[in-house]
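Working notes, structure below.
Every read-out reported here was derived from the displayed coordinates using simple, explicitly stated rules and does not represent laboratory data. Since we're looking at a predicted model, the values are computed, not measured. For neighbour counting, all protein chains shown are included, and Cβ atoms are generated from backbone atoms with ideal geometry for every residue, glycine included.
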Amino acid sequence: MSNGRRADIILPLDGQAAKSRPGAERGVVTTERIILGIDPGTTVMGFGVLAVEGREIRLLEAGAIRFQAGDDHTLKLRAIFRSTTEIIDRHLPDELAIEAQFFGKNVQSMLKLGRAQGVAIAAALQRDLSVVEYAPKRVKQSITGNGNAAKEQVAAMLLNILRITELPSSTDATDAVAVAVCHHFANTGRSAGTSTKRGGVKDWSSFIRNNPDRLA
């Protein structure tokens, strides 16, 4: 067992690790809402942090935390709890949106994933965050208009929705950002199928037609 080791952090995009709301610690009132999205896992945990003000959304930080492969499962759970708490303390989110466990044939893997999800939720509850789960198909449907969309399709749509040019290379980080965006859409009654200031992206097909350069 490796009691002294910490999880390895896959660095997020440059310039995105600054604290979200420094004024919050000084009692400054803000209308900004912070959403933490998490894609749980015992090998890699993806996370994404969004700032929401009205209908405007801004990506603050996104990345993935890789846990030591040789660690005992209980040590990984402790690392998940600590890592989630550190992200919460850094950004002071109001809500946690987390991807729900999917059902597979490997019962042991499902059990471990469920524990990882539960530990992340426990860390959020300890900091008095509200928690909402979203099924993977619900997230994909919200982002692309297709519940069976590929991860690459989700990532491409996120670039357009968030008006950014790149996301972390880790698909776990991208999934976490997608969960956070899905939660924002659920709160506002929007989805990728509704119009935005940029003319709207109704679904994956219209995105391909309007952005052929993104698929190169």
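Kirkwood radius, the range 81-188, all distinct C-alpha pairs, inverse of mean reciprocal distance: 14.7 Å. For V131, the residues whose amide H sits under 5 Å from its own are L96, ignoring neighbours fewer than 5 places away on the same chain, with H placed 1.01 Å from N. Sequentially through the range 168-185, phi angles give Karplus couplings (6.51, -1.76, 1.60; θ = phi - 60°) of x, 5, 5, 5, 5, 5, 4, 4, 5, 4, 4, 5, 5, 5, 4, 5, 4, 4 Hz, Gly and Pro residues having no value and appearing as x.
Within the range 52-107, the chymotrypsin sites (Phe, Trp or Tyr not before Pro) that combine a DSSP coil assignment with at most 14 other C-beta atoms in a 10 angstrom radius are F102, F103.
3J(HN,Hα) couplings calculated from phi for the range 84-97 with the Karplus curve 6.51 cos²θ - 1.76 cosθ + 1.60 (θ = phi - 60°) are, in sequence order, 5, 4, 5, 5, 4, 5, 6, 10, 6, x, 8, 9, 10, 10 Hz; Gly and Pro show x.
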